Number of protein chains: 2
Amino acid sequence: MNRQTLVSEIFRKKTFLCVGLDTEPDKIPSHLHQYDDPVFEFNRRIIDSTRDLCVAYKPNLAFYEAMGPNGWQTLAKTVEYIGDQHFIIADAKRGDIGNTSRKYAQAFFQQMNFDAVTVAPYMGEDSVTPFLDFAGKWVILLALTSNKGSDDFQRNIMQQPPGPLWENVMTQAQQWGTPENLMFVIGATHPEAFVRVREIAPESFLLVPGVGAQGGDLVSICRHGMTRECGLLVNASRSILYASQAEDFEEKARAEAMNMQQEMAALLHTLSV
Amino acid sequence: MNRQTLVSEIFRKKTFLCVGLDTEPDKIPSHLHQYDDPVFEFNRRIIDSTRDLCVAYKPNLAFYEAMGPNGWQTLAKTVEYIGDQHFIIADAKRGDIGNTSRKYAQAFFQQMNFDAVTVAPYMGEDSVTPFLDFAGKWVILLALTSNKGSDDFQRNIMQQPPGPLWENVMTQAQQWGTPENLMFVIGATHPEAFVRVREIAPESFLLVPGVGAQGGDLVSICRHGMTRECGLLVNASRSILYASQAEDFEEKARAEAMNMQQEMAALLHTLSV
């Protein structure tokens with residue numbers, strides 16, 4: 001999905017919600033365990049309950065890898081079921097030397113039909129650019145993540161170029177990609193950082209985790225992070241998937257997603273006023 | 001495999017070679033394509049040809065993921081075939097928020113029987129420590145990698161703590177793990193860095209990629225990086241796997257591995273003189 005379509009979908013559906021599919025076999029309602037593939041069955045029902053309320057889905061690779069070889073079958077079925085009307089993110093945090101990153105890109109962009117993959121920047125330019133060689137596909141580069149460990153290295157101040165590491169990552173990476181194929185991860189737990197983010201990357205889309213279970217606040221993020229084209233994909237995973245672990249999980253997940261969508265619709269409305 | 005056994009194996013077999021299993025379907029000899037799983041058949045023969053010449057194997061996850069869901073079956077069979085007499089590294093470059101890193105650890109340490117996984121440090125302590133919670137298992141943390149992109153961030157000088165980022169990563173990480181469960185990746189393409197590495201981490205094992213196809217030199221690395229317990233695992237992938245792409249690939253792979261083993265035996269001998 002290209003940028004223009006993504007922006008159109010955001011304004012048509014009045015939402016910039018991304019639903020994270022961090023599905024854990026132990027947390028899905030017990031009545032689904034009668035199915036051959038309970039995780040796929042859970043994902044299918046979550047997708048059907050939220051399709052109209054979100055523009056993106058983000059399966060988290062770790063949860064499928066932890067299921068063993070069958071996990072990749074479940075993941076592939078899930079991506080196929082989502083289809084091409086949503087932006088699909090492989091939350092994989094990959095990144096390796098050039099010939100290896102190219103293989104990861106093949107896995108996500110050719111073997112499966114993901115639109116984007118999250119990439120860790122530690123290994124530098126030649127670990128990131130192989131993902132950018134695939135037409136119509138996106139890199140979502142880690143800049144300032146939502147977890148406590150983001151203090152350990154990302155916010156360390158560098159001498160040359162001056163400033164924190166995460167700003168240096170954003171500045172350099174903009175020479176590798178464009179706002180048409182490169183987004184950044186900025187955690188909702190750092191609302192104060194969005195001012196600086198928009199100075200460095202005024203047009204880029206941001207994938208924002210950390211709202212919900214991790215405590216970030218949507219209004220603060222939008223105040224400083226939203227652009228005329230929205231420029232945000234805000235993720236929620238556990239707060240939607242596990243809103244209920246009983247037979248009513250689909251309705252509760254939908255209600256939680258709708259709460260977020262309605263808040264987002266109001267925030268998008270301010271752009272057109 | 002614990003540290004004591006690894007050290008014993010190195011001195012018993014007179015080698016600290018790690019064979020990287022970066023197997024590409026397009027590069028394996030054509031006569032293997034008659035098998036149901038040509039990549040497994042190739043790996044099986046490479047393993048049989050090199051077992052006595054190396055102490056570790058390192059499948060590179062990207063190459064198996066690029067094969068689609070069947071790739072994980074091939075990977076699982078390969079790990080099982082290697083068995084428990086070698087140290088087995090999942091070269092996966094993972095790292096995510098705590099609950100996600102825990103799932104990756106389950107994938108590599110419980111679903112499959114890897115001894116170690118390579119981890120990227122960008123997301124900090126809580127992205128690394130979940131891997132260290134598994135008794136008898138190892139993290140191999142990226143510090144200074146072998147690729148050109150290692151100049152982009154890893155070697156940037158920080159104000160506080162002073163020094164390059166990669167040194168800061170090593171210093172902080174030693175508070176998270178011990179030489180019994182934490183190694184570091186230091187690329188052979190930076191031979192001058194091994195002096196500083198040994199000041200920071202005198203006892204830790206290092207996984208050293210970049211010898212062979214990437215141009216690093218074994219003697220230079222050992223001069224500054226070797227400890228009394230060896231402390232090095234030197235990886236070679238393409239130079240062994242693709243020493244020949246004809247029917248004689250097993251003999252040529254063995255010859256290449258034996259060249260390295262003999263050079264390593266001589267370097268280990270200097271420790272006991």
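From the list B:ALA143, B:ALA120, the lone residue that is buried (at least 18 other Cβ atoms within 10 Å of the Cβ) and closer than 20 Å to A:PHE63 by Cα is B:ALA120.
Just the residues that are among the hydrophobic types (A, V, I, L, M, F, W, C), outside any helix (DSSP H, G or I) and under 19 Å from the mean Cα position of the chain (by Cα), please, taken from segment B:208-260.
Listed by number, the residues that qualify are B:VAL208, B:VAL211, B:ALA213, B:MET226, B:CYS230, B:LEU232, B:LEU233, B:VAL234, B:ALA236.
If you go through segment B:155-165 and keep only what is touching a helix residue (DSSP H, G or I) at 6+ places or on another chain (Cβ under 7 Å), assigned to a loop (DSSP other than H, G, I, E, B) and at the interface with chain A (Cβ under 7 Å from one of its Cβ atoms), you end up with just B:ASN156. Taking the criterion of being in contact with a Lys or Arg (Cβ under 9 Å, 6 or more places away or on another chain), within 16 Å of A:ILE47 (Cβ to Cβ) and of a type in the set (A, V, I, L, M), the residues of segment A:241-259 that qualify are A:LEU241, A:ALA243, A:ALA253.
Being under 16 Å from the mean Cα position of the chain (by Cα), in a loop (DSSP other than H, G, I, E, B) and among the charged types (D, E, K, R), is that true of even one residue in segment B:112-122? Yes, segment B:112-122 contains at least one residue that is under 16 Å from the mean Cα position of the chain (by Cα), in a loop (DSSP other than H, G, I, E, B) and among the charged types (D, E, K, R).
Can you pull out every residue in segment A:71-82 that is touching a Pro at 6+ places or on another chain (Cβ under 8 Å) and at the interface with another protein chain (Cβ under 9 Å from one of its Cβ atoms)?
A:TRP72, A:GLN73, A:LEU75, A:ALA76
Looking only at helices (runs of 4 or more DSSP H) that lie completely in segment B:26-107, which have at least 1 residues being crowded, with 23+ Cβ neighbours inside 10 Å and out of contact with any Phe, Trp or Tyr (no Cβ under 8 Å at 6 or more places or on another chain)? It comes to B:38-50, B:61-65.
Among the residues making up segment A:166-193, those that are part of a loop (DSSP other than H, G, I, E, B), touching a residue at least 40 places away in the same chain (Cβ under 8 Å) and either within 15 Å of A:LEU232 (Cβ to Cβ) or not hydrophobic (A, V, I, L, M, F, W, C) (or both) are A:GLY177, A:PRO179, A:GLU180, A:ASN181, A:GLY187, A:ALA188, A:THR189, A:HIS190.
No lab work stands behind these numbers, since they all come straight from the coordinates. The structure presented is a predicted model; accordingly, all values stated were derived computationally and were not measured. A quick note on method: Cβ atoms are made from the backbone with ideal geometry, for glycine too, and the neighbour counts reach across all protein chains shown.
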